[in-house]
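The values are calculated or read from the model by the stated rules, or taken from the named source; none is laboratory data. Computed from a predicted structure; not experimentally measured. Cβ: placed from backbone, ideal geometry, glycine included. Neighbour counts: every protein chain shown.
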Amino acid sequence: MLPHDEIIDAMLPKHFILFNPRDIVSGDFYFFKPLGNKIVFVAADCTGHGVPGGFMSMLGISYLGEITSQLKEPSAAEIIDHLREKIKLTLGQTDEGSTQKDGMDLAICIIDTDKKQIQYSGAYNPLYVIRKGELDIIKADRQPVAVYFKESSFTNHIVDVKPGDKFYMFSDGYPDQIGGPKQRKFMTKNFKTLLLENHQLPMEDQKQILQKAIDEWKGDSMQIDDILVVGFEL
């Protein structure tokens, strides 16, 4: 159900997708779809991993396909708003007291290559932008794609892309991986440093460096969660 590499390569040549499921199927997923003269690109982290996470991934991918087909020129925030309603309905999440709390965190970008502009909206998962050697964080809304006691509409951010800008979406699997000499988390700080040190390299080289770094950090430890990191530039 994941998008074919050939489609992504044709429409967004400068990108990488580091996708390491913990099990055979994954609670992390990515979604990529042309939408007129724009591109919808999503990196998502569902509740759980393995088979339960895989079922949630299938729901997310299916619903994103439906929503992007049915809505005419939706914003990134509108897509997440509609996705949340579908998830709540499917899982029977009627109010904040619902016992079923499954859902997903995600970052979504709508890329307009003509206008050199990106819309971003996020549920817990931010968008990292590296511009002129500095990493900026576009913060996500602090609510999941699921029922929530402080539920509100998601925020739509617009970024005017400058030459050389790099963009990164990711799940928490990479910074949360346990390893190293003291068996600790890799940490977000080290993840940011790794991106900054290598952002000027070609996207495929960045992917290989990220893969090598997390493999060396993990060592003989078990992978504790699905890992997803997406990078791209226009």
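Out of G219, G180, which single residue is surrounded by 15 or more Cβ atoms within 10 Å (Cβ to Cβ) and on the phi > 0 side of the Ramachandran plot? Exactly one residue qualifies, and that residue is G180. When T155, T113 are screened for being over 23 Å from D9 (Cα atoms), out of contact with any Phe, Trp or Tyr (no Cβ under 6 Å at 6 or more places or on another chain) and surrounded by fewer than 18 Cβ atoms within 10 Å (Cβ to Cβ), only T155 passes. Within the stretch 183-201, the set of residues being in a loop (DSSP other than H, G, I, E, B) and surrounded by 12 or more Cβ atoms within 10 Å (Cβ to Cβ) comprises F186, M187, H199, Q200, L201. Restricting attention to the stretch 146-190 and to residues that are among the β-branched types (V, I, T) and at pLDDT 95 or above, the residue that is farthest from P74 (Cα to Cα) turns out to be I178.
So that you can scan it fast, the table gives a plain yes or no per residue for (1) touching a Pro at 6+ places or on another chain (Cβ under 6 Å); (2) over 28 Å from D165 (Cα atoms); (3) in contact (Cβ under 8 Å) with a residue 24 or more places away in the chain:
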{"site": "Y63", "(1), (2), (3)": "no, yes, yes"}
{"site": "E66", "(1), (2), (3)": "no, yes, no"}
{"site": "A77", "(1), (2), (3)": "no, no, yes"}
{"site": "Q93", "(1), (2), (3)": "no, yes, yes"}
{"site": "M104", "(1), (2), (3)": "no, no, yes"}
{"site": "G122", "(1), (2), (3)": "no, no, yes"}
{"site": "D141", "(1), (2), (3)": "no, no, no"}
{"site": "S152", "(1), (2), (3)": "no, yes, no"}
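Here's the yes/no breakdown for (1) within 23 Å of F191 (Cβ to Cβ); (2) in a strand (DSSP E or B); (3) in contact with a Cys (Cβ under 7 Å, 6 or more places away or on another chain):
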residue	(1), (2), (3)
A123	yes, yes, no
I137	yes, yes, no
E151	no, no, no
F154	no, no, no
G164	yes, no, no
Y174	yes, no, no
